[in-house]
1. Is it true that residue 29 is outside any loop (DSSP other than H, G, I, E, B) and not β-branched (Val, Ile, Thr)?
2. Taking segment 27-86 only, how many residues are at positive phi, touching a residue at least 12 places away in the same chain (Cβ under 8 Å) and out of contact with any helix residue (DSSP H, G or I) (no Cβ under 6 Å at 6 or more places or on another chain)?
3. Do we find that residue 20 is surrounded by 13 or more Cβ atoms within 10 Å (Cβ to Cβ) and touching a residue at least 24 places away in the same chain (Cβ under 8 Å) in this structure?
4. Quick check: is even one residue across segment 2-15 open to solvent by 50 Å² or more (accessible area, probe 1.4 Å), in a loop (DSSP other than H, G, I, E, B) and closer than 15 Å to residue 80 by Cβ?
5. Considering only segment 57-74, how many residues are within 20 Å of residue 38 (Cβ to Cβ) and modelled with pLDDT of 95 or more?
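The values are calculated or read from the model by the stated rules, or taken from the named source; none is laboratory data. Being a predicted model, the structure only gives us computed values, none of them experimental. Here the Cβ positions follow ideal geometry from the backbone for every residue, glycine too, while neighbour counts run over all protein chains shown. Just so you know, the surface numbers come from the protein's heavy atoms only, side chains and all, with ligands and any DNA or RNA stripped out. Shrake-Rupley method; radii C 1.70, N 1.55, O 1.52, S 1.80 Å.
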Amino acid sequence: MDIVNGQQIFVANCSACHIKGNNVIIPEKTLKKEILILNGMNNVPSIAYQVTNGKNAMPAFGGRLSDVEIEDVANYILQKSRENWE
């Protein structure tokens, strides 16, 4: 697990839609801790699955990012959600 790598991947691939854990496409589907818990997404495997496969307006990154990169970004997202994206 490499949180710094996860942050770099997030900035390069995710932050346009999820800046500070928000969601510019579907505002109620944020990466905030409470919403991740509510949607059963408050764990690395669930986040990694969604990053890999995409869902709704979110594209799949499985063909663009390696499994290690996806795990790193999932760990970064989970950590930032616990810190309230500060």
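1. Working: outside any loop (DSSP other than H, G, I, E, B): no; not β-branched (Val, Ile, Thr): yes.
So residue 29 does not fit the description; no.
2. 2
3. Values: surrounded by 13 or more Cβ atoms within 10 Å (Cβ to Cβ): no; touching a residue at least 24 places away in the same chain (Cβ under 8 Å): yes.
Judged against the criteria, residue 20 is not a match.
4. Quick first cut of segment 2-15, residues open to solvent by 50 Å² or more (accessible area, probe 1.4 Å) only: 2, 4, 7-8, 11-13.
Narrowing further to those that are in a loop (DSSP other than H, G, I, E, B): 2.
Restricting the remaining residues to those that are closer than 15 Å to residue 80 by Cβ gives 2.
Taking every residue of segment 2-15 in turn, at least one turns out to be open to solvent by 50 Å² or more (accessible area, probe 1.4 Å), in a loop (DSSP other than H, G, I, E, B) and closer than 15 Å to residue 80 by Cβ.
5. Residues of segment 57-74 within 20 Å of residue 38 (Cβ to Cβ): 57-58, 74.
Filter again for modelled with pLDDT of 95 or more, leaving 74.
Total meeting the criteria: 1.
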